[in-house]
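Peer 1: One structure coming up, written as C-alpha cells, with questions to follow.
No lab work stands behind these numbers, since they all come straight from the coordinates. Here the structure is a predicted model, which is why all the values come from computation and not from measurement. Cβ sites come from the backbone with ideal geometry, for glycine too, and all protein chains shown count toward neighbours.
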Amino acid sequence: MEKIEDPESLPRIATKQEIQNLIHEIDDIPITAWLLTFTGAVTQLARFGITVAWQNYLQNPRGHGPLPGALGLGQATATTIQNAFLFFQYISPLPFAILSDSWIGRYKTMLTSLVLLTTGYIILFVTSLPIALENGAGLGGLIATMTLTGLGQGGLSAVMYPFIGDQIPDRPPRVKMNKKGELVVTDRQLAIQYTFNGFYWMVNIASLSSIPTTLMEKHIDFWAAYLLPTLILAIAVLPVILWNKRLVKLPPQGNILPHASRVIWIACRSNFRLDAANPSPESVDSNRSIPWESSFVDEIRRGLKACRVIICFVVFWLCYNQTTNNIISQAGQMQLQGLSNDTISALNPIACTIVGPVIQSLIIPFLRRHRKPFGPILRMTVAFLFIAAGIAYAAGLQQLIYSRGPCYKYPLECSVVTEEEAGTSAGANNISVWFQTPLYFLLAVGEILGLVSLSEYTYSEAPTQLKAMVQALQQMAAAIGAALGMALGPISKNPWLVILYASLSGTMALSAVLFWAVFRKYDAIYEMRKAEVTEENGKKDDVE
C-alpha cells in the first residue's frame, strides 16, 4: 500500500480510482448513533428478560411439578399463543412505519413506542402478583401486555435501524492515513454495517437479562422476574429525552405511498416494466401529470428488489422462532441440574456476544483486506445454512432425548417415583440440558449474519422516504413465519418433535440453495451502485 507524502493534505475527497483501488475503512460514527443503540439495547433487555419466561408462565400450572408456572395451558396452547403474539408483534411495525415516514417522524414514533412498552410491562407486573393470579387476572393481564408491548416493539422495529442510520453523516468518501501509515478510503456503508453489528452485539449483551429473570422466576416468583426489567426500561428512556436536541431528526416527507402505488400500478399494466412509469412522452400516463422524476422510479425498483430478499426470510423466522417456545420446552425435557429450563436460552445471547466480535472484527476485515467478496447476499445465504444446521441439531438432540428413560418419547408425561436428588427433575429424561449448547452457537452465527446483513441491505436499497416502511416489511416476513408456527402448533408436542425439526431444517437448507441461485448477482450490483453513489457524492462535494 502506498505511503502518503503529504499528511497535511489529508483527509481529502477520494477520486474514482482511489475508491476502486484503495482499501475501505469505517467512516466516523457520531455519539448519537451509539446513544440510540444503547436505548434500543435496553428495550431488548426488557423484552428478553420478560418474554423468555412466558412459555413457562403459560404452559405450566402454578405450584405443581418441577418447573415454575402460572396459567397451566399446556405446551401446544402455550406455543400457539406465543406464535400469535409474535405474529402480532411482527405486523405492527407497518402502521408505525407509515406514521413515521409520512407524518410524525422517527423520534416521536420511538418515544410513543417506549411509552407503550413501559405501560405494558407495568400491567404484567401487577397482574402476575400472587393475589392477582389467585383472582384470575393472570391471563387477561398477559393479553393486555401482549397487545401494548406488541405495538411498542413494532414501532421500535420500524424506526430503530433507520434512525440509527440517519445519525451517520451522508458525505463523500475521503482519503486518509490509517494507523499503519497506509492510504485508505473512508466508507459510510461500512460505518452503517459496523454500527448495526454493534447494535446487535449490545442487544445480545442486554438479552443476558434472561439469566437473572429466569432465576428469579424459579426461586422467587414471576412478579419479581417482571419487575426488574420494567424498572431498568423506565430509567433508560431518560437519555433520549434529555439529549434529544443532539439527534439528527430527518423531517417526514409526507405520504408518498400514493405515488409509489401508482408507479407499481403503471408497471403492472405494462408487463411489469417499471420504466413505463418514467416521466417521458412515451410513458403510459403521458396524458396525465406525473409528479415524480425518474430517480423516484429507480428508488422504487431498488426497494422492490430489497422486498424480494425480505420474502425469503419467512422460513428463516419460522425456524428461528422455535427458540422462543419449542426449544425452551425441549430443555425442560432434560436434566436441568438446578437451572430453570428457560435460563438455558441465555446461551443464545452468550453465543452472539462471543461470535459477533469474531465476525465483525476478525473475519470480515480479513476478507476485506484480501479482497475476498463477502457481500450481504452471500452473508445471508451462509446464515440460512447455519440456521438449517442448528435446527437439524435440534432434531438429532430430540431423538436422543426420546431414546433415554425414564419417559422415552413422552418426557414429563409419565409418572416417575424417584428419591429427591439435587440437579434432577422427576419425569425428565436422563440427558443433560447442556447438550443444547451447540444448537445456540449455530443459531447465533445464522442470526448475526442473516439479520444484520438484511438490515444493512434494506436500509441501503430502500427509497429515502420509505426506509421505515421497508424495515417494517422485514417484520412482515417474521409475522408470516410466526403464522406458520401457529399452524404447526398442534404437532408441537411429543412424539412428533423430531419430524417437526427435521422438516424445518430441510426446508431451510433448500431455501438457502434457491436464495443463492436467484439473488447472487445482487452482490455485484450492490457494490457497483455503492461505488457510483460515492463517486456522485464526491462530485457534489467538489461543486459545493
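Peer 1: What is the set of long-range amide H partners of Glu25 at a cut-off below 5 Å, with H atoms built 1.01 Å from backbone N?
Peer 2: Val185, Thr186, Asp187
Peer 1: Which number do you get for Rg(Cα) / (2.2 N^0.38 Å) in the range 187-256?
Peer 2: In units of the globular-protein estimate, the range 187-256 measures up at 1.61.
Peer 1: Quick check on my link table: of Lys16/Lys467; Lys16/Lys179; Lys108/Lys218; Lys372/Lys467; Lys179/Lys372, which ones sit more than 32 Å apart, alpha carbon to alpha carbon?
Peer 2: Over 32 Å Cα-Cα: Lys108/Lys218.
Peer 1: Amide H to amide H under 5 Å from Ile431: which residues, 5+ apart in sequence or cross-chain, H placed 1.01 Å off N in plane?
Peer 2: Gln335
Peer 1: Here's a follow-up. May I ask you to evaluate 6.51 cos²θ - 1.76 cosθ + 1.60, the Karplus curve with θ = phi - 60°, for each residue of the range 198-207 and list the ³J(HN,Hα) values in order in whole Hz, giving x for glycine and proline?
Peer 2: Values, residue by residue: x, 4, 5, 5, 5, 4, 6, 4, 5, 6 Hz.
Peer 1: Please list 317-325, 356-364, 334-342 highest first by mean number of surrounding beta-carbon atoms within 10 Å per residue. Provide the component values of the computation, followed by the final result.
Peer 2: Numbers: 317-325: 23.7, 356-364: 15.8, 334-342: 21.4.
Per-residue Cβ counts within 10 Å, averaged per peptide and sorted highest first, yield 317-325, 334-342, 356-364.
Peer 1: For the range 447-457, take each phi angle, set θ = phi - 60°, evaluate the Karplus expression 6.51 cos²θ - 1.76 cosθ + 1.60, and give the result in whole Hz per residue in order, putting x for glycine and proline.
Peer 2: Karplus-based 3J(HN,Hα) across the range 447-457 equals 5, 5, 5, x, 6, 5, 5, 5, 5, 4, 5 Hz.
Peer 1: Which whole-Hz ³J(HN,Hα) couplings does the range 186-195 yield from phi under the Karplus relation 6.51 cos²θ - 1.76 cosθ + 1.60, θ = phi - 60°, glycine and proline marked x?
Peer 2: 6, 10, 5, 5, 5, 5, 5, 4, 5, 5
Peer 1: As a footprinting exposure proxy, order Tyr408, Tyr501, Tyr440 by other Cβ within 10 Å, with the fewest listed first.
Peer 2: Values: Tyr408 14, Tyr501 25, Tyr440 22.
Least crowded to most crowded, the residues run Tyr408, Tyr440, Tyr501.
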